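The values are calculated or read from the model by the stated rules, or taken from the named source; none is laboratory data. Treat the numbers as computed from the prediction; the structure is a model and nothing was measured. For neighbour counting, all protein chains shown are included, and Cβ atoms are generated from backbone atoms with ideal geometry for every residue, glycine included. Ligands, DNA and RNA are stripped out before the accessible areas are found, and what is left, the full protein with its side chains, is counted by its heavy atoms. Shrake-Rupley method; radii C 1.70, N 1.55, O 1.52, S 1.80 Å.
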Amino acid sequence: MKIVLTGSIGRINQTLVPKLTHAGHEVTVISHQAIRSSLIKVFRATPAIGRLDDEAFLTKTFMGADVVYLMVTGIAASDDLYTAAKRQADIYAAAIKAAGVKRVVNLSSVGADLGPEVGALYMYHIIEQPLYQTWT
């Protein structure tokens, strides 16, 4: 299975990538830092170096993937959290649709659907909406 992961080689992917490659999956890891390429390769995965706000890069990277794993990363402290999450969600949804990806795993959180009063967790709900609309 061809799997594309966002989140570079952070806490989640450091555990996930070796398990996936050991199981025989073809794994591509997206990172915006070229310096991460060597570590990604240590895990027997393919690095894809680019920005998550670059829809053309994501579309090209997602092309042919059986599964894409998404998470919200790289939102600057100066950004309006909800606006940035919505912008990222729209980019993800457009790239997924253009690449023809059929399966998406999106990192979310319990309580994300409870509204803005839950604070930063609400951004996970915001990102889910455009993704759901891609398949409806």
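Normalising the Debye intensity of the chain to I(0), with uniform scatterers on Cα atoms only, and taking log10 at q = 0.10, 0.11, 0.15 Å⁻¹ returns -0.32, -0.38, -0.71.
For the chain, the longest principal axis of the C-alpha atoms and the axis of helix 81-99 are separated by about 50°. As I understand it, the dipole of region 1-81 uses +1 on the Cβ of Lys and Arg and -1 on the Cβ of Asp and Glu, about the Cα centre. Which of Ile49, Thr61, His25 lies farthest toward its positive end? Going by the Cα projections, it comes out as His25. Mind checking the angle between helix 11-22 and the chain's longest principal axis? C-alpha axes, 0 to 90 degrees, to the nearest 10. With rounding to tens, the tilt is 40 degrees. Inter-label distance, Ala98 to Lys2: 1.7 nm, where each label sits 7 Å from its Cα along the C-beta direction. Using θ = phi - 60° in the Karplus curve 6.51 cos²θ - 1.76 cosθ + 1.60, the 3J(HN,Hα) couplings for region 49-57 round to 9, x, 9, 6, 8, 9, 4, 5, 4 Hz; x is entered for Gly and Pro.
The angle separating the long axis of helix 122-134 from the principal Cα axis of greatest extent in the chain is about 70 degrees. Number of Lys-Lys pairs in the chain under 18 Å by Cα, sequence gap 8 or more or different chains? Going through the chain pair by pair, I get 9. Give me the distance between the Cα centres of region 10-29 and region 40-110, rounded to whole Å. Cα centres, region 10-29 to region 40-110: 16 Å.
Taken along its three principal axes, the alpha carbon spread of region 26-85 comes to 36, 25, 17 Å, from the longest extent down to the shortest. Accessible area per residue for the chain, computed on protein heavy atoms with a 1.4 Å probe, is 55 Å².
Share of carbon and sulfur in the accessible area of the chain stands at 56%, probe radius 1.4 Å.
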